[in-house]
1. Using only the alpha-carbon atoms, how far is helix A:95-113 inclined from the longest principal axis of chain A? Give it as 0 to 90 degrees, nearest 10.
2. Between the alpha-carbon centers of the stretch A:485-554 and the stretch A:598-629, tell me the distance in whole angstrom.
3. Go through A:704, A:15, A:471 and say which Cα lies farthest out towards the positive end of the charge dipole of chain A; charges sit on Cβ, +1 for Lys and Arg, -1 for Asp and Glu.
4. Pop a pseudo-label 7 angstrom from the Cα along the beta-carbon direction at both residue A:244 and residue A:599 and give the gap in nm to one decimal.
5. Points 7 angstrom from Cα along the Cβ direction at residue A:25 and residue A:592: gap in nanometres?
6. Quick one: A:443, A:501, fewest Cβ neighbours within 10 Å first, how do they rank?
7. Taking neighbour counts of Cβ atoms within 10 Å as a proxy for exposure, in what order, fewest first, do A:623, A:254, A:29, A:520 appear?
8. Given contacts defined as C-alpha pairs under 8 Å and at least six residues apart, what's the relative contact order of chain A, whole-number percent?
Amino acid sequence: MIDFKLLDKKWNDYWEKHNLNKFNEKNIDKKYYSLVMFSYPSASNLHLGHWYNYAPADTFSRFKRMQGHEVFAPMGFDSFGLPAENFAIKTGTHPMDSTNANIKTMQKQLAGIGAMYDPSSYLETSDPSYYKFTQWLFLKLFEKGLAYQKLAPVNFCTSCQTVIANEQVIDNKCERCSADVEKREMTQWFFSITKYAEELLQKLDTLDWPSKTVAMQKNWIGKSTGGEISFELECDDCKKKCNEKITVFTTRADTVFGVSYVVLAPEHPFVEKITTEKQKKEVQEYVKNTLKISDLDRQTSKEKTGVFTGAYCVNPANGEKIPVYIADYCLMNYGTGAVMAVPAHDERDFEFANKYNLPIKKVIESMQYNGQVSLLPFVEKGVLINSGAYSGLESNKAIRQILKDLEKVKKGQAKTNYRLRDWSVSRQRYWGAPIPIVHCEKCGIVPVPEKDLPIELPYNVQFTRDGVNPLSKCEEFINTTCPKCKKSARRESDTLDTFVCSSWYFLRYPDANNATLPFDTNKIAKMLPVDKYIGGAEHACMHLLYSRFITKAFRDMGYLNFDEPFASLVHQGLILGKDGFKMSKSRGNVVNPDLYVNEHGSDVFRMYLMFGFSFIEGGAWNDDGILALKKFLERVWRLVEKVSASLKSTPFATLEFNFDLSYAMHYAIKHVTEDLEKLSFNTAIARLMELVNSIYKHIESGTSLSLVSEVVQTLIKLLAPFAPHIAEELHQIMGGEGSVFSHQFPVCDENALVKLETELAVQVNSKIKSKVIVPTSATNEEIEKIALADEKVIESTNGANPKKVIIIKDRLINIIV
RNA sequence: GCGGUUGUGGCGGAAUGGCAGACGCGCUAGACUUAGGAUCUAGUGUUGCAAGACGUGGGGGUUCAAGUCCCUUCAACCGCACCA
C-alpha cells in the first residue's frame, strides 16, 4: 500500500510548476471569489483551527473550479499586531524579524494543506507596499471628514499599554491579553462608523449571513427609536448659571406624565453647575467614588445608588417641579447622559425611587387584563391614564402625539439613537501602520501628502517595558518638516489598529501588486463582492463590521460600485480537545495537526476534518476517526489499482450496461454536488463511501469492466476536491490526461435516476404495515390496487374498504380504514 | 433581562412534513491468514422467543402522517447587557 504522505509534495510541486492555482484574468466573467480569513502569524504555528477553516474551504474552491468557475482563492498574512511587539519586549527579537520568521514557518505549513492559493495575490499587511495604502485609506477618510481626532474617554489596556476599541473590550478585559481595561481621557483618532449606522443596520437583511452574526451586529449597532425631551431647570439661579435645560432620551415618551425625577450621569457636564451649595459636598464625593470604581464594578454592583443635586426642573408635560439626581445607573456614553425617571414603568427607576422615597405615579394601564390592575413596575406598553388630554390613548399613538406636541413648543422631538460608537483606531504601539499625520505648531494637524507614502516604520527602535511607544522616542522618525509650511514639525506617533489593515485586504488581493493604487476600481468592480467568505465567528462585531463600513465609505468616495463586501458568509465550528473543552495550553488538550499530517498525509487529515464533524458545528477531537478516513482512502486506492490492472490485461472490454451501478454513480454525483454547494462536507463524503461500496459489490458480481472503469474515473473526480493529492495520483493511474482539476466536475444525468420499479412503504391507518414494489409509471389507482392486494394489508384492514388513500410518489401509500 | 443556537443509538453524526438513525467509529460473530492499527462477510436503537410494542430533552396541539410546524416547559452553549 502506498504511503499517502509521499504524494503531497509531488502534486504541490506539479500545481506550482503548471501555474494551476493562478487566477486567469481572461476568464474574469466566470470569476468566483472564494475567501478565507487570512492568518495572523503568531509564534505558535498553524493550528487545528486554521486547518478546519482552510481545508474545507479549499475543497469548496476546488469544487467550484471543477464546475467551470474561474476561482480566485487568495491567502496572505495579517502581520501587524501587539503580540509580536510584546514578544520583542520580552525577548529582544525585533517584531519585523520574528514576524518574518513566523510567516516562513506558517507558509510551509499552509503549503501542506494543499490548497489552491493564488501565489500572485499574496500580501502581508506589515509590508510597506501594503501599509502604504492602509495609510492612503486613512488620508481619504480624513479628507472626507470620516477620520478625526478628539479628546475622549477611551479603553486603555494596562498590559498592552495602548488604547483599544469598544469592540475589543470583552467583559472589561482586553480581547487579546485579558488584562484589565481602564477608562482614560486621551486624544485619539476615530473613524466615523456611526455615520453609517443606519445603512450598516438596514443592509444586514440583504446578506446571506448566519442569523446569529446578523443578530449580533444588529444588537451591536443597537438602534432605538424614541425622542428627546427637555426639562427646564426650575431655579433662576441655576438657569442663569448654565442657561440650559436638561435633555433626556427616552423610548417611552408616553410615560412622561409619570416622571418623578430626572437623573444625570455622574460625568454629565451639568452636574457641577447645577449642584446647590448645600449638596455640593455629597455630590462631589459621589462623583469621585463613581469614577474611582471600574466600569466592571459599576456594572456588576447592580444596586442603584445616587445623590440629590439640590436642583429642580420642570416636567414639560404637566409643569410639575421635580428633583434632579445623579446616579451611576445613568450612563454618559448613551443617549444624552440624562434620563427621565418613571418609577411606575421602569424597573431601575422603580428600585431607585423605592430606595430614596421618591413618588411613584402610574400612568400606563395594561390593555390585556380587563378590570385587573397591573402590578408595578409595569414596563409593557398599554393605555395611558392620569395623563391629561392623552389619557385613553394607546402607548404607541401617545408616543408619537406627545413628541409632536412637545416639538411645537420646542421642548422635544423624535430621535433615533444607536449604541454603536465611533471606531477608535489609535494605538500607542510600534508594530502597526503609522498614522500619516504631521503635527505642526503653526498649521496644526496636517495630513502627509499622498506622494510621500508610505511613512515607513523605522527599524532602529528600542523595545522597553516602560509602556512608552517606541516610535515616540525615535527622534529620526518623530522629527520632520510640515508639508504645508516646511517648518520643523512632529509626526504622529500612534499607529493604526490592525483591524484597519484587515478591513480592506479583500480589496487588495485581486490587484495585490499594484504599486500606484490600492486597487484598480474597474478590476475590483468585476472581482467583488466576495462570493463565499469562510471564517471564524469571533469577528462578528469587529472585522466583519469594520469591513462593511470601509466598503461603504469607499463606495461613497467613488472607488467601489457595490454596497457590501461579503455576499455570503459562513462560520466554521470550533474543534474542541478530546476532553470536550476548548483547546488550550493550560488544559494540555491541544491537538497538533502536524503530527497527523506527517503520519497520514494531508488528504487523510483534510477528509477527517470534513467527515468527522458537522462543518458549522465543530465538536470534540477524536483520534479513532482519522483512521476511518485512512481506511476509506486506501479502499479507494485498492479499487483503482485493481481496475487499472484489469484494464491492462483486458484492454478491449465491452460495455455492458448495468442500471444499478449507473444509478449509484449518478446518485452520488447528484448528492455530492448538492452537498458541496451547502458546505455539507460530511454527507458528501458519506455519498462517496456509498459509491465505493457499491462499485466493490458490482465488481464481485462481475459487472462489465468498461462501465466499472467509467464509474471509477467519475469517483476520482468526485473525490478530487476532498483529497486533491491522492486524486491526482489516481487520475494518473487510470491514465487520465493532465491534472484532474482541469477536468469538469461530473454532472448528474437525471434520466439515469429513473427506476423501472419503486419500493413503496405501505401504511394502514398511518402505521407501516408492509412494502410493495410498483412500476414507477404506475398510476395512483394501480398503486392502490397493488397495495390493497398485499397480504399484510389485507390482514390489518380485515378486508375493510378504505375511507381514504394517500399516495406520496416514490415514498409511501397510506390507507385509512 | 434581551438576542441567537442546540438537545436524535455506546460515540461522531444523517433525515425537501412521508419507511428515524444515512455514512462512519465502536462492538459481536464468522472467513482468510507468514497474527495486523490488515482485508473480506454478516449482524448491531430499546424491548421481546416471536408476531409485535416502544423510541428524536419533557408536556400539550395541528395533520392521514411530526425529529421536522404551532404552543408550553426544561437543559446546555454563545453573544450583548443598568442602552433609558
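1. It works out to around 30 degrees.
2. That distance is 34 Å.
3. Sorting the options by dipole projection puts first A:471.
4. 6.8
5. 4.3
6. On the way: A:443 14, A:501 26.
The most exposed by this proxy come first: A:443, A:501.
7. A:29, A:623, A:520, A:254
8. 14
No lab work stands behind these numbers, since they all come straight from the coordinates. Quantities reported herein were computed from a predicted structural model and do not represent experimental measurements. Positions of Cβ are backbone-derived with ideal geometry, glycine not excepted, and every protein chain shown enters the neighbour counts.
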